[in-house]
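Notes for the one structure printed next.
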Amino acid sequence: MKVFFIPKKIITTFATFFTLTVFSIICYSFAKSEPNVEYPYFNQKDVYSSKEKIAYLTFDDGPNNNVTLKVLDILKKENIKANFFVIGKHVSEYPEVTKLIYENGHFIGNHTYSHNNNIIYKNKDAFFNEIKQTDIAIGNAIGISDFCSHVFRCPNGSMSKINYSKKQECLRYLPEISYTFVDWNVLNNDSMRKYSKTELVNNLKKSSLNKESIIILMHDSGDVNKTFDALEDSINYLKEQGYEFRTFYDFVKNGEKGV
């Protein structure tokens, strides 16, 4: 009897592709089955269902004075506007970087103050406090006293199992403070484990395959991968595929500043 061995590289490639495909399907399916809540400004499933080739680059978990600045330099070079979902405590730590994000015309989204799920979803008041604290920190950094982002992203996304039931309950409260929320339907897995530059780009290619309007999850925290190393190649690939880069300023005017 012959025994066939499959090269480890092929197994790894298949596993990565399978993981990205399944995760993207879950994200998309969840978006289509969101609770029947009327959110202000826009609903993410309407973004996903658009037939226009639009790419919303999003960066989570910043800002900081290293990775975020490198990402901003690349975006400026490529003349691309993006969306930064910032953590309030980091905004307070790096207000000058937050201001630079704003002054370069990028959208600033709310990613909670603590990024601690046990604090965020403790109750309704705690949830609102996390969002409002972050808005205040952003407003202090960019010089807008009544700043409200209006666009929220859950740490780990709304579909993750972490505090799932409490999270779904809290998301229903968002319209009370004039907020909607977004997840993503494309990712490069830059927060999952260490990848090479080429692997990060390939992850994005696989995840975005056959999709029109896409919200792309990346990170400017730099704690796992140097996302900025793969950013320029990722942007060039998306341009080649005919995508137009946009921000959530398309839906929300929260003090947009053109440059």
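None of the figures in this text is laboratory data; all of them are computed from the coordinates on show. Model, not experiment: these values are computed from the prediction. Every residue, glycine among them, receives a Cβ derived from its backbone with ideal geometry; neighbour counts consider all protein chains shown.
Grab the other residues whose beta carbon is less than 12 angstrom from that of residue 88, score K and R as +1, D and E as -1, and report the net. Here the charged neighbours net out to -2. Working from the Cα coordinates of the range 200-258, the gyration tensor eigenvalues give, after taking √(5λ), semi-axes of 22, 17, 10 Å in decreasing order.
Taking a Cβ cut-off of under 15 Å around residue 123, the surrounding Lys, Arg, Asp and Glu residues balance to a net charge of +2, with basic ones at +1 and acidic ones at -1. The phi torsions of the range 175-180, fed into the Karplus equation with coefficients 6.51, -1.76 and 1.60 and a -60° offset, translate into couplings of x, 5, 10, 6, 10, 10 Hz, rounded to whole numbers, with Gly and Pro shown as x.
Each Lys or Arg adds one and each Asp or Glu takes one away; over the other residues whose Cβ falls under 15 Å from the Cβ of residue 111, this sums to -4.
Each Lys and Arg contributes +1 and each Asp and Glu -1, all at the Cβ; summed about the Cα centre of the range 76-221, the dipole is approximately 540 debye. Sorted from longest to shortest, the spans of the Cα atoms of the range 32-84 along the three principal axes equal 40, 24, 17 Å.
The distance linking the range 36-63 with the range 200-216 is 15 Å (Cα centroid to Cα centroid, whole angstrom). Here the residues 159, 218, 192, ranked from fewest to most Cβ neighbours within 10 Å of their Cβ, fall in the order 192, 159, 218. Remark: relative contact order (the range 104-259) = 24 percent; criterion is Cα-Cα distance under 8 angstrom and separation of 6 or more residues.
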